[in-house]
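K.L.:
Here it is: the structure, laid out below.
Any read-out appearing in this document is the output of simple, stated calculations on the displayed coordinates, not a laboratory observation. Everything quoted here is computed from the prediction, not taken from an experiment. Because the Cβ atoms are built from the backbone with ideal geometry, glycine has one as well, and the counts that use them run over all protein chains shown.
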Amino acid sequence: DTAVSQTPKYLVTQMGNDKSIKCEQNLGHDTMYWYKQDSKKFLKIMFSYNNKELIINETVPNRFSPKSPDKAHLNLHINSLELGDSAVYFCASSLKAEAFFGQGTRLTVV
Amino acid sequence: AQSVTQLGSHVSVSEGALVLLRCNYSSSVPPYLFWYVQYPNQGLQLLLKYTSAATLVKGINGFEAEFKKSETSFHLTKPSAHMSDAAEYFCAVSDGDSSYKLIFGSGTRLLVRP
């Protein structure tokens, strides 16, 4: 069983489109995250949810809207995609300090 | 504000040689420290973590790291490199607040020569 699973693994889309990435964890964790890894492999936190409540929004453009229907799911919707949004997006969950990561979604905006 | 510095974007060792990947952190509170490994086109896998218990932490795949408060360091070592250790390694810090968000270093690519 995959602990943190995200879909799709690859996403290629045109500028201006709207797309969503889904994430599910079966670890029973209360906290979930979205991280972005850029082309230079740098990882940065985007959002964090604790028990469906947003607790971190790291000055991400409001074209990015996370949604947590329940504490096992954290989806990321992106409106009006731009070339600069191309990156690998990682979902993660944690109970306390130890975070478990999904396999990533490679988003390519053309 | 917390930050993590990884010295050396690339480290190259021969198979069987000592691996040393450097990590220094800054934190205003006692930190939680982590090393993650990322294989190509994969997610991040936790190698080991320091959460204010023993300062010498043993992890998976023969890796270990020592927390040195006086040097604000958390260097990763492995006595003998294996070809399968070739990957990207990330050091990360968390201040243990309610979010436990991770602040990552810029990563070190480990190359293992036959």
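K.L.:
Hey, which lysines would be in cross-link range of residue A:9, C-alpha to C-alpha under 22 Å, not counting anything within fewer than 8 residues on its own chain?
P.N.:
The qualifying lysines are A:19, A:22, A:36, A:40, A:41, A:44, A:67, A:71.
K.L.:
Now for a different question. Length gain on complete extension for the stretch residue A:3 to residue A:22, per 0.36 nm per residue less the alpha carbon to alpha carbon distance?
P.N.:
Using 0.36 nm per residue and subtracting the Cα-Cα distance, I get 5.5 nm.
K.L.:
Could you state the per residue volume, in Å³, of the convex hull enclosing the Cα atoms of the protein assembly as shown?
P.N.:
Value for the protein assembly as shown: 123 Å³ per residue.
K.L.:
I'd like the FRET efficiency for residue A:80 and residue B:42, computed as 1/(1 + (r/R0)^6) with the beta carbon distance as r and R0 of 22 Å, rounded to 0.05.
P.N.:
0.15
K.L.:
Counting Lys and Arg as +1 and Asp and Glu as -1, what is the net charge of the other residues whose Cβ lies under 14 Å from the Cβ of residue A:82?
P.N.:
0
K.L.:
If you take every residue apart from residue B:52 with its C-beta less than 13 Å away from the C-beta of residue B:52, what net charge results, scoring Lys and Arg +1 and Asp and Glu -1?
P.N.:
Local charge sum for residue B:52: +2.
K.L.:
Working out 0.36 nm times the residue gap between residue B:83 and residue B:14, then minus their Cα-Cα distance, what length gain in nm do you get to one decimal?
P.N.:
Gain on stretching residue B:83 to residue B:14: 24.0 nm.
K.L.:
Moving to a separate point now. Over all directions, what mean area does the Cα convex hull of chain B project, stated in square nanometres?
P.N.:
Over all viewing directions, chain B projects a mean Cα-hull area of 6.9 nm².
K.L.:
So how strong a dipole does segment A:62-106 carry about its Cα centre when Lys and Arg Cβ are +1 and Asp and Glu Cβ are -1, to the nearest 20 debye?
P.N.:
Approximately 100 debye in magnitude.
K.L.:
So, one more: Take residue B:106, project a point 7 Å from its Cα along the Cβ direction, then tell me which residues of segment A:75-110 have their backbone nitrogen under 16 Å from it.
P.N.:
Output list for this probe position: empty.
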